[in-house]
Each structure stands twice: as structure tokens, then as C-alpha cells.
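Here the structure is laid out as C-alpha cells; the discussion comes afterwards.
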Amino acid sequence: PQILTCALAIVVVVISGCRDSAPTDPTPSDSVGIQDAAQPDPVETMGVQETTPTGPDETVSLEPSAEGTGEPGALGVGSPAPPLSVAQWVTGEAIEGFDPGQVYVVEFWATWCPPCRTSMPHLSQLQEQYGDEVKLVGVTGETEETVMGFLEKEQSPDKTWAEVVQYRLAIDSDDATAEAYMRAAGQSGIPTAFIVGRDAAVEWIGHPMAMDEPLAKIVAGDWDRQTAIDEFNRQQRVERLKRELVPKLRAEQWDTALDMLDQLEQETGESEQLAGMRLFALQKAGRTEEASKLLAGMVDQAWDSPTDLNGIAWSIARSDGERDLD
């Protein structure tokens with residue numbers, strides 16, 4: 001049967017939507033019922049489609065720099081931390097360099113980024129928790145006027161952002177710091193944090209809301225750097241496969257796409273997102289027997305979920321060509 005299942009709608013979504021060239025909050029997209037929705041573009045569900053971030057642990061994407069000089073992947077866990085190029089320190093004392101024995105957090109954010117704003121109270125709590133043991137700095141490419149205006153606004157009815165933020169804020173110097181960190185590490189979404197260890201090497205890269213455990217271990221001296229390097233490299237392989245998969249799907253190179261899905265499953269394990277994408281590619285490749293077997297398994301897994309079953313049923317009912325209505 002030529003169908004798209006509801007699983008396709010949540011395939012490996014890379015949160016995007018806010019651009020650094022448009023400093024406005026994203027507008028939530030309208031929700032559409034399954035009965036009324038057109039079949040989604042499976043390529044868009046891989047992250048090409050612009051969506052709105054909805055959770056505190058999500059990111060918004062940045063336009064890749066057309067004039068960037070850093071090589072993606074040149075910076076990783078275990079690499080020496082690049083120096084900070086700061087045009088203006090908005091809050092806190094300046095950091096002139098990474099001192100031996102000192103732990104730092106370099107976090108990239110923007111005033112217009114909702115997940116960044118959500119992370120800021122937590123970052124302040126971490127700064128208060130660790131005190132002088134950790135020097136945390138938030139770096140933005142916006143103007144000092146923009147950041148100061150943001151800090152004057154209310155974060156809650158009884159506090160301004162200036163009262164909430166208890167760590168250093170810095171203005172990037174012509175995006176030099178973002179180039180040295182974000183682009184060099186292949187990171188395209190903010191907020192993103194880099195933990196710099198006591199020997200001035202990058203120990204961890206990720207979302208600031210997920211850094212409590214690694215930061216605690218790094219401060220305590222219990223961090224396993226080699227394990228962190230292996231995991232970061234695995235994540236980079238996964239992201240590279242996702243990026244390479246999109247053009248294969250758009251070019252309808254189904255067999256190649258299926259091989260790449262095999263590689264993704266080897267790296268990440270099986271998931272309903274990858275199963276949904278595999279089903280679509282199998283159907284388009286004309287491998288109907290394999291598609292039917294996979295669909296049967298997906299129905300079995302969804303049997304206790306009325307929402308998932310409803311999505312599968314509507315996909316079948318609205319599909320073109322031969323339909324397995326039974």
C-alpha cells in the first residue's frame with residue numbers, strides 16, 4: 001500500500017525556525033487534524049521544514065555563515081579551546097584567557113531565542129552553585145544596545161532579566177567566537193554550551209539544560225574524556241548521515257537512502273521515526289513485501305495507542321493507488 005504513517009510526522013526533527021537575521025520570536029505554526037492534513041513531505045520531517053521550538057531543551061537554528069572560515073568538525077571534545085574574541089563585556093569581569101585549573105562554560109545565545117531565555121535562569125543557578133569554581137559566559141552576536149534593552153525587561157512580574165542573569169554576558173567580536181566554536185564544531189542551533197576543562201580543553205558540547213551531570217563530573221575531576229570524545233564523534237556521524245540523507249530522498253534515490261537508514265539504525269538503534277522513514281522509502285522503491293512486513297510491525301507496536309492507530313488508518317484511507325482498507 002502507498003501510505004505515509006503518522007510516524008513520518010515526527011521523524012528525527014531538527015528544531016529550526018528562528019534566524020539570526022530576523023530577531024523576532026517565532027510564531028507557533030497552526031496545528032492541523034490528521035483527517036484534514038495533506039500527506040507531509042517526508043524530507044521536511046527530517047528537519048528541512050521550519051518548525052517552532054516548544055521545549056526548554058530545544059534549539060533554534062542559525063543561518064550558516066557565508067563568509068565563515070572555520071572548518072566544520074575542526075573543533076570537538078578533547079580539542080584545545082579557542083580564545084574568546086569579545087567586543088564588549090556587558091556583565092561581569094572580563095575573561096582574558098583560560099587559566100590553568102579553572103573550569104569555564106562558553107554558551108551561545110540570543111535575546112530573540114525562546115529556548116535561550118528559558119535556559120538563562122538555570123545557567124544562573126549553576127553559576128551561583130559553583131561560584132568561583134566555574135566561570136560561565138554567555139556570548140551573543142547582537143549589539144550591546146539590544147542586550148542592555150533585553151536586560152531591562154521583566155523576566156517575571158517581580159524581576160528583570162538583569163536581576164535573573166548572574167553570569168557574564170559578552171558581545172562577540174564580528175562573530176569570531178561563534179566561528180571558532182559553533183561553526184568549527186558543526187553546531188547550528190542555539191543555545192549551545194561548551195564546557196572548557198582545567199587544562200583548557202573542550203570537555204563537553206551540548207544543550208545547556210543537559211550539562212548538569214557532565215559539569216559536576218568535570219568540576220569533581222571524575223570526567224571520562226575519552227568516553228565523551230567517542231560519544232561526540234558518534235553524534236557527529238549521526239548528524240552527517242541525516243544531512244546526507246535529505247538530498248538522497250529529494251533525488252528519489254531510494255536504495256541509497258535505505259542503506260543510509262541502515263547506518264543510522266546501527267548508530268542510534270531502532271526507533272519509530274526511522275521506521276516511518278524506512279516505510280516510505282520502501283514503498284517508493286516498490287519493495288512492497290518488505291513495506292507490508294514493516295507496516296505490520298508498526299501496527300503491532302501502536303496497538304495500544306489510539307492516536308497512532310488513527311494516524312495510520314487515515315494515511316491508508318487517503319493514500320493514492322492500491323489501499324489496504326482491511
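The values are calculated or read from the model by the stated rules, or taken from the named source; none is laboratory data. Note that the structure is predicted; figures quoted are calculated from it, not measured. Heads up, the Cβs are rebuilt from the backbone with ideal geometry, glycines too, and the neighbour counts pull from every protein chain shown. Ligands, DNA and RNA are excluded from the accessible area calculation, which covers all protein heavy atoms including side chains. Shrake-Rupley method; radii C 1.70, N 1.55, O 1.52, S 1.80 Å.
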Margin query: Can you go through Ala281, Ala193 and tell me which one is part of a helix (DSSP H, G or I) and out of contact with any Lys or Arg (no Cβ under 7 Å at 6 or more places or on another chain)?
Written below: Ala281
Margin query: Condition check: assigned to a helix (DSSP H, G or I) and under 17 Å from Gln235 (Cα atoms). Does Met209 satisfy that?
Written below: no
Margin query: Among the listed residues Ala193, Ala176, Ala216, Ala185, identify the single one that is free of Cβ contacts under 8 Å to residues at least 24 places away in the same chain and at negative phi.
Written below: Ala216
Note to self: Take the conditions in contact with a strand residue (DSSP E or B) (Cβ under 6 Å, 6 or more places away or on another chain) and farther than 19 Å from Gly76 by Cα and apply them to Val196. Does it pass?
What the structure shows: no
Item checked: Test set (1) more than 20 Å from Pro82 (Cβ to Cβ); (2) open to solvent by 10 Å² or more (accessible area, probe 1.4 Å); (3) touching a Phe, Trp or Tyr at 6+ places or on another chain (Cβ under 8 Å); (4) of a type in the set (S, T, N, Q) - Gln187 fails condition number -> (1)
Check: Which of the following residues is farther than 23 Å from Gly186 by Cα and of a type in the set (A, V, I, L, M): Leu282, Leu241, Leu245, Leu264?
Finding: Leu282
Checklist line | First in segment 90-110 and in contact (Cβ under 8 Å) with a residue 60 or more places away in the chain and within 24 Å of Glu144 (Cα to Cα), second anywhere and of a type in the set (Ser, Thr, Tyr) and in a loop (DSSP other than H, G, I, E, B), Cβ under 9 Å, 6 or more apart | finding: Thr91/Tyr167; Gly92/Tyr167; Val105/Tyr167; Glu107/Tyr167
Item checked: Scope segment 66-92; condition modelled with pLDDT of 95 or more, in a loop (DSSP other than H, G, I, E, B) and open to solvent by 60 Å² or more (accessible area, probe 1.4 Å); matching residues -> Pro83
Next item on the list: Would you mind stating whether Glu213 is at pLDDT 95 or above, under 23 Å from the mean Cα position of the chain (by Cα), open to solvent by 70 Å² or more (accessible area, probe 1.4 Å) and of a type in the set (Asp, Glu)?
Entry: yes
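Rundown of residues vs (1) within 28 Å of Asp224 (Cβ to Cβ); (2) open to solvent by less than 60 Å² (accessible area, probe 1.4 Å); (3) touching a His at 6+ places or on another chain (Cβ under 9 Å), yes/no style:
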residue	(1), (2), (3)
Val139	yes, yes, no
Glu144	no, no, no
Leu151	no, yes, no
Thr160	no, yes, no
Gln166	no, no, no
Ile171	no, yes, no
Asp199	yes, no, no
Check: Across segment 289-312, what is the total count of residues that are more than 24 Å from Pro247 (Cβ to Cβ), free of Cβ contacts under 8 Å to residues at least 60 places away in the same chain and surrounded by fewer than 19 Cβ atoms within 10 Å (Cβ to Cβ)?
Finding: 12
Notebook entry, point to check: When both residues are 6+ apart or on different chains and their Cβ atoms are under 8 Å apart, which pairs have a first residue that lies in segment 242-263 and is acidic (Asp, Glu), and a second that is open to solvent by 70 Å² or more (accessible area, probe 1.4 Å)?
Noted result: Glu252/Lys284
Item checked: For Glu252: the one exception among (1) of a type outside the set (Phe, Trp, Tyr); (2) in contact with a Ser or Thr (Cβ under 7 Å, 6 or more places away or on another chain); (3) over 23 Å from Gly297 (Cβ atoms) -> (2)
Next item on the list: From (1) open to solvent by 50 Å² or more (accessible area, probe 1.4 Å); (2) within 27 Å of Gly76 (Cβ to Cβ), pick out the condition that doesn't hold for Gly269.
Entry: (1)
